[in-house]
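Chemist: Sending over a structure as structure tokens; questions will come in a sec.
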Amino acid sequence: MGAFNATGGAMSEQSFRVHAMELGPMENFVYLVEDIATRRCAVVDPAWEVERIVSRARELELDITDILLTHSHHDHINGIEGVLERASAEVHLLKPEYEFWQHELDKPSLHHGGDEIRLGETPIEMLHTPGHTPGSACYRLGNEIITGDTLFVFGCGRCDLRGGSPEDMFVTLKNMKERLPQDMLIHPGHNYSVTPTSTLGEQAEGNPFMHYDDEEAFVHYRMQVHDKTRDEPYAAVSKQQLRIANLL
């Protein structure tokens, strides 16, 4: 797993903006990352409505130069070809995810956890965050992080699909909770919660998956309990609530 760096915090003069679009039947968030100085733009997980993605970039006067993939599930990648037909963009993903996906992309840029991508004047760190898939990635920009299906607001991604691992997810979420700044703003892969964004500190207090210190108990909750006991939109769940329900 790529190293998590807890230093740095927010940039003194932020070089980027993150624009969210909710698209498709599964409430996906597709993000446009804007580099303010150069007007370059990275599309994160292009899917569902390519024309709306490209039109939004055009409205913002941005040039799509990069595509960042958090993982390779269909609902996050079905717009790649459409974007590439309309823009000359470089596709980025983690090498373990490319090997898991087994899909032939035309010369993608493969990375390892901890690698840094430069979008104009904006550095973007790729974190290897397995659990939902073997090569799931989160993208850190200053004091913000795009989490894909690794971490939702008051939830986390499924681990029962091909390539999923609740044991890996336990380690990933534990590392995020312990090693990243509590005031870091998260941008999840789906709009499944009562609020579209949150901080890691708020997740440490209210995300049930971040309350577990025991791997076996986490795996049981993720695989056997959660989907039977919680409905969308997800709201905060305290440690005390889990204890009262005999789930912690």
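Please treat every number below as a calculation from the coordinates, not as lab data. Since this is a predicted model, take the numbers as computed values, not measurements. As a convention, Cβ positions derive from the backbone with ideal geometry for all residues, glycine included, and neighbour counts pool all protein chains shown.
Chemist: If you check every pair at least six apart or on different chains, which have Cβ atoms under 6 Å apart with a residue in segment 68-84 that is touching a residue at least 40 places away in the same chain (Cβ under 8 Å) and farther than 20 Å from residue 112 by Cβ first and a residue that is assigned to a loop (DSSP other than H, G, I, E, B) and among the hydroxyl-bearing types (Ser, Thr, Tyr) second?
Modeler: none
Chemist: Take the residues of segment 231-240 that are in contact (Cβ under 8 Å) with a residue 24 or more places away in the chain and not hydrophobic (A, V, I, L, M, F, W, C): which is surrounded by the most Cβ atoms within 10 Å (Cβ to Cβ)? Write out each step before concluding.
Modeler: Within segment 231-240, the first condition is being in contact (Cβ under 8 Å) with a residue 24 or more places away in the chain, and the residues that meet it are 232-239.
Filter once more, keeping what is not hydrophobic (A, V, I, L, M, F, W, C): 232-234, 238-239.
Values: 232: 14, 233: 14, 234: 20, 238: 13, 239: 14.
By that ranking, first place goes to 234.
Chemist: Related question: Do any strands (runs of 3 or more DSSP E) entirely within segment 54-149 hold 2 or more residues that are of a type in the set (D, E, K, R), and if so, which? If you could, list the steps in order and put the result at the bottom.
Modeler: On the way: elements: 63-68, 90-94, 109-111, 116-119, 122-128, 137-141, 144-148.
It comes to 63-68, 116-119.
Chemist: Sticking with this one: Report yes if residue 32 is under 22 Å from residue 136 (Cβ atoms), of a type in the set (A, V, I, L, M), in contact (Cβ under 8 Å) with a residue 24 or more places away in the chain and in contact with a Lys or Arg (Cβ under 9 Å, 6 or more places away or on another chain), otherwise no. Give the derivation first.
Modeler: Values: under 22 Å from residue 136 (Cβ atoms): yes; of a type in the set (A, V, I, L, M): yes; in contact (Cβ under 8 Å) with a residue 24 or more places away in the chain: yes; in contact with a Lys or Arg (Cβ under 9 Å, 6 or more places away or on another chain): yes.
When the stated conditions are applied, residue 32 passes them.
Chemist: On to the next question. Could you tell me whether residue 179 is among the basic types (Lys, Arg) and either closer than 21 Å to residue 125 by Cα or in contact with a Cys (Cβ under 8 Å, 6 or more places away or on another chain) (or both)?
Modeler: On the way: among the basic types (Lys, Arg): yes; either closer than 21 Å to residue 125 by Cα or in contact with a Cys (Cβ under 8 Å, 6 or more places away or on another chain) (or both): yes.
For residue 179, the condition - among the basic types (Lys, Arg) and either closer than 21 Å to residue 125 by Cα or in contact with a Cys (Cβ under 8 Å, 6 or more places away or on another chain) (or both) - is met.
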